Amino acid sequence: MQKIHRQIIVMAGAAAVVLGGAGAAAAASDDTDTPITGDASRQATDAALAGTGGGRVTGTEVGDEDSYYEVEVTRDDASQVDVQLDDHFAVVKTMSDSESGHGTGG
(Lines give C-alpha, C1' and ligand atoms only; values in the text may rest on other atoms or scores of the structure.)
Protein backbone atom coordinates (compact mmCIF):
# COMPACT_ATOMS: atom_id res chain seq x y z
CA MET A 1 0.00 0.00 0.00
CA GLN A 2 2.81 2.39 0.88
CA LYS A 3 4.54 1.57 -2.43
CA ILE A 4 1.43 2.59 -4.41
CA HIS A 5 1.11 5.81 -2.41
CA ARG A 6 4.77 6.63 -3.13
CA GLN A 7 4.30 5.99 -6.87
CA ILE A 8 1.31 8.34 -6.95
CA ILE A 9 3.33 11.09 -5.25
CA VAL A 10 6.23 10.62 -7.69
CA MET A 11 3.87 10.68 -10.70
CA ALA A 12 2.11 13.82 -9.41
CA GLY A 13 5.47 15.52 -8.90
CA ALA A 14 6.59 14.61 -12.41
CA ALA A 15 3.32 15.92 -13.86
CA ALA A 16 3.77 19.20 -11.99
CA VAL A 17 7.29 19.59 -13.40
CA VAL A 18 6.11 18.88 -16.95
CA LEU A 19 3.14 21.23 -16.70
CA GLY A 20 5.21 23.93 -15.03
CA GLY A 21 7.81 23.72 -17.79
CA ALA A 22 5.11 23.94 -20.45
CA GLY A 23 3.68 27.04 -18.77
CA ALA A 24 7.09 28.69 -18.61
CA ALA A 25 7.73 27.91 -22.28
CA ALA A 26 4.37 29.38 -23.24
CA ALA A 27 5.08 32.54 -21.23
CA ALA A 28 8.52 32.90 -22.79
CA SER A 29 7.11 32.62 -26.30
CA ASP A 30 4.26 35.09 -25.66
CA ASP A 31 5.88 37.86 -27.72
CA THR A 32 2.68 39.37 -29.04
CA ASP A 33 2.93 42.66 -30.89
CA THR A 34 -0.04 45.01 -30.80
CA PRO A 35 -0.56 46.43 -34.30
CA ILE A 36 -1.28 50.10 -34.89
CA THR A 37 -4.91 50.55 -35.92
CA GLY A 38 -7.29 53.19 -37.21
CA ASP A 39 -6.20 56.75 -37.95
CA ALA A 40 -2.99 56.19 -36.02
CA SER A 41 -2.06 53.48 -38.53
CA ARG A 42 -2.47 55.89 -41.45
CA GLN A 43 -0.45 58.60 -39.71
CA ALA A 44 2.30 56.17 -38.72
CA THR A 45 2.44 54.75 -42.25
CA ASP A 46 2.68 58.22 -43.79
CA ALA A 47 5.43 59.29 -41.38
CA ALA A 48 7.43 56.07 -41.83
CA LEU A 49 7.26 56.13 -45.63
CA ALA A 50 8.27 59.79 -45.65
CA GLY A 51 11.20 58.90 -43.39
CA THR A 52 12.39 56.06 -45.63
CA GLY A 53 11.70 57.70 -48.96
CA GLY A 54 9.09 55.09 -49.90
CA GLY A 55 8.55 51.37 -49.81
CA ARG A 56 5.68 49.41 -48.32
CA VAL A 57 4.68 48.88 -44.73
CA THR A 58 5.06 45.23 -43.73
CA GLY A 59 4.42 45.50 -39.99
CA THR A 60 3.43 47.87 -37.22
CA GLU A 61 3.55 47.83 -33.44
CA VAL A 62 2.28 50.04 -30.61
CA GLY A 63 4.42 50.21 -27.49
CA ASP A 64 7.61 48.92 -29.03
CA GLU A 65 10.58 48.60 -26.65
CA ASP A 66 12.41 51.38 -28.55
CA SER A 67 9.61 53.89 -29.15
CA TYR A 68 5.89 54.59 -28.96
CA TYR A 69 5.26 53.24 -32.47
CA GLU A 70 7.35 51.02 -34.72
CA VAL A 71 6.70 50.65 -38.44
CA GLU A 72 8.57 48.07 -40.49
CA VAL A 73 9.09 49.17 -44.08
CA THR A 74 10.31 46.98 -46.93
CA ARG A 75 12.06 49.07 -49.56
CA ASP A 76 11.94 48.40 -53.29
CA ASP A 77 15.38 46.73 -53.08
CA ALA A 78 13.89 44.24 -50.52
CA SER A 79 15.86 45.70 -47.60
CA GLN A 80 13.87 46.25 -44.41
CA VAL A 81 13.91 49.27 -42.15
CA ASP A 82 12.39 49.71 -38.70
CA VAL A 83 11.13 53.26 -38.24
CA GLN A 84 10.67 54.34 -34.63
CA LEU A 85 8.06 57.06 -34.06
CA ASP A 86 7.10 59.07 -31.00
CA ASP A 87 3.49 59.53 -29.89
CA HIS A 88 3.14 62.50 -32.29
CA PHE A 89 4.33 60.41 -35.28
CA ALA A 90 7.72 62.11 -35.50
CA VAL A 91 10.57 59.85 -36.59
CA VAL A 92 12.95 59.37 -33.66
CA LYS A 93 15.12 56.59 -35.10
CA THR A 94 15.48 54.55 -38.27
CA MET A 95 17.38 51.25 -38.29
CA SER A 96 17.95 48.65 -40.95
CA ASP A 97 16.95 45.19 -39.77
CA SER A 98 20.62 44.21 -39.65
CA GLU A 99 21.21 47.07 -37.16
CA SER A 100 18.14 46.30 -35.06
CA GLY A 101 18.80 42.59 -34.77
CA HIS A 102 15.54 41.64 -36.48
CA GLY A 103 17.17 40.58 -39.75
CA THR A 104 17.77 37.08 -40.95
CA GLY A 105 21.53 37.46 -40.71
CA GLY A 106 22.17 36.29 -44.21
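Scan Asp31, Asp39, Asp46 and give me the residue that is in a helix (DSSP H, G or I), loosely packed, with under 11 Cβ neighbours inside 10 Å and modelled with pLDDT of 60 or more.
One residue alone meets the criteria, Asp39.
Please enumerate the residues belonging to the range 75-87 that are outside any strand (DSSP E or B) and in contact with a helix residue (DSSP H, G or I) (Cβ under 9 Å, 6 or more places away or on another chain).
If the condition is that a residue be outside any strand (DSSP E or B) and in contact with a helix residue (DSSP H, G or I) (Cβ under 9 Å, 6 or more places away or on another chain), then Arg75, Ser79 are the ones that fit.
Given (1) in a helix (DSSP H, G or I); (2) modelled with pLDDT under 55, identify the lone condition not met by Arg6.
Condition not satisfied by Arg6: (2).
Between a first residue in the range 70-89 that is among the hydroxyl-bearing types (Ser, Thr, Tyr) and a second residue that is part of a strand (DSSP E or B), which pairs have beta carbons less than 7 Å apart while being 6 or more apart in sequence or on different chains?
Thr74/Arg56; Thr74/Thr58; Thr74/Gln80; Ser79/Ser96
Considering only the range 65-89, state which residues are more than 14 Å from the chain's Cα centre (by Cα), more than 16 Å from Gly55 (Cβ to Cβ) and surrounded by fewer than 13 Cβ atoms within 10 Å (Cβ to Cβ).
Result: Asp87, His88.
Being more than 18 Å from the chain's Cα centre (by Cα), closer than 19 Å to Lys93 by Cα and either modelled with pLDDT of 95 or more or outside any loop (DSSP other than H, G, I, E, B) (or both) is the requirement here; does Gly23 meet it?
No, not satisfied.
Anything in the range 55-77 that is at positive phi and modelled with pLDDT under 95? List them, or say none.
The answer is Gly63, and nothing else.
Under 7 Å by Cβ, and 6 or more places apart or on different chains, what pairs join a residue from the range 42-54 that is touching a residue at least 12 places away in the same chain (Cβ under 8 Å) and at positive phi with one that is hydroxyl-bearing (Ser, Thr, Tyr) and assigned to a loop (DSSP other than H, G, I, E, B)?
The qualifying pairs do not exist here.
The values are calculated or read from the model by the stated rules, or taken from the named source; none is laboratory data. This one's a predicted model, so the numbers in the text were calculated from it and none came from an experiment. As a convention, Cβ positions derive from the backbone with ideal geometry for all residues, glycine included, and neighbour counts pool all protein chains shown.
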